[in-house]
Amino acid sequence: MDLVFRAARAVLPGGERAVQVGVADGRIAAIVPLSAPPLAAASAVTLADDEVLLPGLVDAHVHVNEPGRTEWEGYATATAAAAAGGVTTIVDMPLNSIPATVDVPSLAVKRAAAAAAQPWVDVAFWGGAVPGNAGELRALHDAGVVGFKCFLLPSGVDEFPPLDPAGLLEAMTEIASFGGLLIAHAEDEAVLAAAPSLPTGGARRYADFVASRPAAAEDSAIALLLDTARRTGCRTHIVHLSSASALPAIRAARSAGLPLTVETCPHYLTLRAEEVPDGATQFKCCPPIRDDANRSRLWDALRAGDIDMVVSDHSPCTPELKLLDAGDFAAAWGGVASLQLSLPVVWTEAAKRGVPLTEVTRWMASAPAALTGLTDRGLIAVDRQADLCVFAPDTTWTIDPAALRHRHPVTPYANREVTGQVRATYLRGAPTAPNAGALTHADSVTSAR
């Protein structure tokens with residue numbers, strides 16, 4: 001074998017075990033008890049007593065923005081942040097890049113941009129379902145996208161318009177015809193239009209922003225999505241669920257046999273509306289971070305299996321677009337930058353709630369891998385890719401935005417104390433990230449080759 005990992009604690013499909021994991025040609029070739037005779041290998045990594053070997057995480061909701069808006073985020077910086085956070089595969093959303101990934105030529109442009117950036121981790125791609133491109137969806141599927149993202153209200157960028165109910169039905173009918181997957185940003189524009197308006201001339205109060213995007217907007221759009229799924233049989237996935245009041249409809253749909261999956265995000269599980277400072281637009285995202293009672297219901301739904309996975313929805317922009325000085329929630333770009341931090345911030349809250357590391361790993365590795373059809377990763381198992389993360393679950397540290405690898409040091413987690421630190425990441429058995437930003441980008445790229 002090329003390499004063997006020796007770990008007193010490793011998260012495997014059956015739970016935590018003390019094992020040796022042997023790697024050959026970038027794949028896991030053997031898993032034997034740690035007490036067995038040592039596996040022969042060219043080199044070995046022995047984990048420290050306070051470290052756990054995890055499968056590399058799969059983040060199925062990342063906005064890279066390259067090409068077209070690379071000044072917001074690009075493949076080099078996004079994948080560096082992913083690797084530093086224990087993420088070994090990202091799936092790039094079809095917006096906010098230019099072009100949007102709505103046909104095969106635009107997918108080719110995206111792939112070329114990713115390859116040119118020498119990414120630190122694997123990159124897969126979502127396609128987009130927008131008005132007028134239903135005829136492009138099968139070709140995109142055949143070209144390798146993992147599914148199709150749509151919006152049910154304006155996305156915020158003109159090149160990725162939303163689907164109305166008729167367009168949603170057309171897209172889902174077409175996607176169902178070839179067994180594809182539709183994922184949807186579910187908020188109802190009509191409900192938002194009837195909600196309290198933000199103050200003119202600047203909206204600094206976070207409570208006003210939350211009131212302007214009520215949970216009812218999510219609930220209504222999800223009802224439309226579920227009804228269309230019933231009519232078409234299309235595999236359907238709800239992205240970034242923030243509204244716990246939508247859970248009864250989700251449970252009923254699952255009970256009725258709908259092919260439905262649901263994700264939520266670290267910010268909905270770890271942040272609370274009551275603690276968001278007025279003017280702190282780094283917390284702005286859509287749908288918004290809601291109150292503590294809502295957060296607890298999301299945790300309950302995760303543990304019950306009503307929510308399947310946790311992904312970052314990493315959606316950065318330039319600091320100027322966040323309007324940090326003005327603190328205007330009405331005009332600032334919405335999106336949370338958290339790709340590098342997802343594992344420690346989720347684990348910090350999970351540990352407080354008595355959630356084991358095995359569950360967190362399932363939510364953040366194997367479940368998103370299964371959703372996207374990337375079934376050669378997401379688990380420590382024989383014949384899977386040797387994508388691995390060395391994690392110290394009891395290490396407490398304070399987040400320094402200057403040490404983050406994404407392009408701009410803006411995050412709502414700045415100066416937050418968290419428990420759990422990624423110490424090393426391996427892609428197909430090769431080290432692909434330093435710990436906490438200790439190496440330069442050039443050094444790290446070299447070490448990954």
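Of the helices (runs of 4 or more DSSP H) lying entirely inside segment 211-327, those carrying at least 1 residues that are modelled with pLDDT of 95 or more and either polar (S, T, N, Q) or in contact with a Gly (Cβ under 6 Å, 6 or more places away or on another chain) (or both) are 215-232, 247-255, 266-270, 292-304. Name the residues in segment 206-228 that are farther than 20 Å from Ala331 by Cβ, open to solvent by 10 Å² or more (accessible area, probe 1.4 Å) and among the hydroxyl-bearing types (Ser, Thr, Tyr), would you? Scanning segment 206-228 gives a single hit, Ser220. If you go through segment 112-149 and keep only what is touching a helix residue (DSSP H, G or I) at 6+ places or on another chain (Cβ under 9 Å) and among the charged types (D, E, K, R), you end up with Asp122, Glu136, Arg138, Asp142. Looking across segment 229-271, the residues that are over 22 Å from Gly147 (Cα atoms), hydroxyl-bearing (Ser, Thr, Tyr) and open to solvent by 30 Å² or more (accessible area, probe 1.4 Å) come down to Ser245, Ser255.
State which residue is farthest from the chain's Cα centre (by Cα) when the search covers only segment 381-412 and only residues that are among the aliphatic types (A, V, I, L, M) and more than 17 Å from Val121 (Cα to Cα).
Filtering segment 381-412 down to residues among the aliphatic types (A, V, I, L, M) leaves 381-382, 386, 388, 390, 392, 399, 402-404, 410.
Narrowing further to those that are more than 17 Å from Val121 (Cα to Cα): 381-382, 392, 399, 402-403, 410.
Values: Ala381: 22, Val382: 25, Ala392: 21, Ile399: 19, Ala402: 22, Ala403: 20, Val410: 18 Å.
Checking each candidate, the answer is Val382.
Might you check whether a residue that is without any contact (Cβ under 8 Å) to a residue 40 or more places away in the chain and open to solvent by less than 10 Å² (accessible area, probe 1.4 Å) occurs anywhere in segment 75-89? Give the steps one after another, and end with the answer.
Initially, segment 75-89 is screened for residues without any contact (Cβ under 8 Å) to a residue 40 or more places away in the chain, giving none.
Checked segment 75-89: no residue is without any contact (Cβ under 8 Å) to a residue 40 or more places away in the chain and open to solvent by less than 10 Å² (accessible area, probe 1.4 Å).
I need the full set of residues from segment 171-183 which are surrounded by 19 or more Cβ atoms within 10 Å (Cβ to Cβ) and part of a helix (DSSP H, G or I), in order please. Working first, answer last.
Step one: of segment 171-183, the residues surrounded by 19 or more Cβ atoms within 10 Å (Cβ to Cβ) are 171-172, 174-176, 180-183.
Of everything in segment 171-183, those that are surrounded by 19 or more Cβ atoms within 10 Å (Cβ to Cβ) and part of a helix (DSSP H, G or I) turn out to be Ala171, Met172, Glu174, Ile175, Ala176.
May I ask you to list the residues in segment 384-405 that are touching a strand residue (DSSP E or B) at 6+ places or on another chain (Cβ under 6 Å), in a loop (DSSP other than H, G, I, E, B) and over 16 Å from Gly14 (Cα atoms)? Ala386, Asp387, listed by residue number.
Please indicate, with yes or no, whether at least one residue in segment 398-408 is without any contact (Cβ under 8 Å) to a residue 24 or more places away in the chain, among the small types (Gly, Ala, Ser) and open to solvent by 10 Å² or more (accessible area, probe 1.4 Å).
So the first thing to find is which residues in segment 398-408 are without any contact (Cβ under 8 Å) to a residue 24 or more places away in the chain, and the list is 398, 400-402.
Next, from what is left, pick out any that are among the small types (Gly, Ala, Ser): 402.
Next, from what is left, pick out any that are open to solvent by 10 Å² or more (accessible area, probe 1.4 Å): 402.
Looking through segment 398-408, at least one residue is without any contact (Cβ under 8 Å) to a residue 24 or more places away in the chain, among the small types (Gly, Ala, Ser) and open to solvent by 10 Å² or more (accessible area, probe 1.4 Å).
For segment 118-128, the count of residues that are farther than 22 Å from Asp387 by Cβ and surrounded by 24 or more Cβ atoms within 10 Å (Cβ to Cβ) is nonzero. In segment 10-30, the residues that are under 16 Å from Val390 (Cα atoms) reach residues that are at pLDDT below 95 and buried (at least 17 other Cβ atoms within 10 Å of the Cβ) with C-beta atoms within less than 7 angstrom, at least six apart or across chains, in these pairs: Gly22/Met1; Val23/Met1.
The values are calculated or read from the model by the stated rules, or taken from the named source; none is laboratory data. This one's a predicted model, so the numbers in the text were calculated from it and none came from an experiment. Using ideal geometry, Cβ is built from the backbone for each residue, glycine included, and neighbour counts are taken over all protein chains shown. Note: areas computed on protein heavy atoms with side chains; ligands, DNA, RNA excluded. Shrake-Rupley method; radii C 1.70, N 1.55, O 1.52, S 1.80 Å.
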